[in-house]
Amino acid sequence: MALAPAVPSCYDATMTTIPHAYAIAVDPADIDFMGHVNNASYLKWVQEAVVSHWQKLAPADAVAAHLWVAIRHEITYRKPAFLDDEVIATVILEKVQGARAFYETIIRRGEEVLAEVKSSWCCLDAETLRPARLARSVVDRFF
């Protein structure tokens, strides 16, 4: 069986990227002592949204063979979220470089931006748990 060509060292979003909208259910457990969503919940939401993006666009065999771990999150909080809010996270894959992927996630309530998140993730081989580059054919599905 022939192996798919590896992704070049830097594969970026100079092409059109496919955004992914992820609906977020604000759970009572997300609310802190001040009556709004706790900052830690935003991290949980970003992880769920990025993984959902991966699972939606990647082929089933790639999803089964790879795991993603967060390396870094940089969050700018703009406005608080509350229990009954309808919240959407929009995920955009900015670039893939080696075994790393760089994402931007915007969390909104309607047109209001609640938070902007820049994050980097490492792709792991699900069996060895070692960093793994994705085949170009897999990365192409996101752009």
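The values are calculated or read from the model by the stated rules, or taken from the named source; none is laboratory data. Keep in mind the model is a prediction, meaning the values are calculated, not measured. Don't worry about glycine lacking a Cβ; one is built from the backbone with ideal geometry, like all the others, and counts go over all protein chains shown.
Name the single residue that is nearest to the chain's Cα centre (by Cα) among those in segment 22-72 being surrounded by fewer than 12 Cβ atoms within 10 Å (Cβ to Cβ), in a helix (DSSP H, G or I) and in contact (Cβ under 8 Å) with a residue 40 or more places away in the chain.
By that ranking, first place goes to A64.
Can you tell me which residues in segment 92-112 are in contact (Cβ under 8 Å) with a residue 24 or more places away in the chain, surrounded by 15 or more Cβ atoms within 10 Å (Cβ to Cβ) and out of contact with any Phe, Trp or Tyr (no Cβ under 6 Å at 6 or more places or on another chain)?
I92, Q97, G98, A99, R100, Y103, T105, I107, R109
Can you tell me how many residues in segment 39-64 are touching a strand residue (DSSP E or B) at 6+ places or on another chain (Cβ under 7 Å) and over 18 Å from R108 (Cβ atoms)?
3
Taking the stated definitions as given, is D84 modelled with pLDDT under 95 and either within 19 Å of V139 (Cβ to Cβ) or outside any strand (DSSP E or B) (or both)? Steps first, answer last, please.
Details: modelled with pLDDT under 95: yes; either within 19 Å of V139 (Cβ to Cβ) or outside any strand (DSSP E or B) (or both): yes.
So D84 passes the test.
As an exercise: evaluate S137 against (1) under 18 Å from the mean Cα position of the chain (by Cα); (2) over 19 Å from N39 (Cβ atoms); (3) not in a loop (DSSP other than H, G, I, E, B) and give the number of the one condition it does not meet.
(1)
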